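Every number in this text was worked out from the coordinates using simple rules, so none of it is lab data. Bear in mind that the values here come from a model prediction, so they are computed numbers and not experimental data. When we count neighbours, we look across all protein chains shown, and the Cβ atoms used for this are built from the backbone with ideal geometry, even at glycine.
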Amino acid sequence: MSTPSRSASHRSSAGTIRPSVAALVVGAIVALTACSGSSGNQAASDTTGTAAPATSAAPGSTSTAAAGAAALPDPQPGTPPSGATTAMLAEGDSIFHGLKAGGLCQTCHGPDATGTPLAPNLTDATWLTGDGTYAFIQQRVTTGMPKPTPPYSSPMLPMGGAQLTPQQIQSVAAYVYSLSHKA
């Protein structure tokens, strides 16, 4: 009896690439496109929530999941805006970290939301182009940021390049709001 080769673990018995590997490759391409700053038509993001979960937390971060399970990096949500539920914060966290609705927020803002050279920190009280209210954040997610504010070089596409429902916009905005409103 022969044992399967290591490379066969990425293939089904029919010899085709498993959907999880294909989703990972497509997700990487979409993420790079969303933060590229290019104009023109953008491909629709996968909204089925089939993205592969993260397998490890970023260095120096703590896990929000049980040991051994897929881990999301910090930050933990803080105080939700008025009218937001803990279920909305959880959904917003999943969207932010790319586990639901094709969300790409962490690609530009970083997995810990403390910013990158592409986009600002979302965990402090400093907002470069608005007041940081829940309504402002919902509007920014909905319309994006077509002209980046220096020192950042990349525009933010509407809904971060994903195809979000109005409820998903409310959830990710509630999560982002909570990051800068710690108890």
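Could you give the length gained by full extension between Lys182 and Thr86, i.e. 0.36 nm per residue of separation minus their alpha carbon distance, to one decimal place?
Extending this stretch completely gives an extra 33.1 nm.
Output ³J(HN,Hα) for segment 147-160: one whole-Hz value per residue in order, computed from phi by the Karplus curve 6.51 cos²θ - 1.76 cosθ + 1.60 with θ = phi - 60°, and x for Gly and Pro.
10, x, 8, x, x, 7, 9, 10, x, 9, 5, x, 6, x
Highest first, please rank the peptides 158-165, 176-183, 120-127 by the mean number of other Cβ atoms sitting within 10 Å of their residues.
Sorting 158-165, 176-183, 120-127 by mean packing, highest first, produces 158-165, 176-183, 120-127.
Stretched out fully, how many nm does the piece from Ala135 to Thr149 gain, at 0.36 nm a residue minus the Cα gap?
The Ala135-Thr149 span can extend by a further 3.0 nm.
Check Met145: other-chain or 5+ apart residues with amide H under 5 Å from its amide H, H built from backbone geometry?
Amide H neighbours of Met145: Met156, Leu157.
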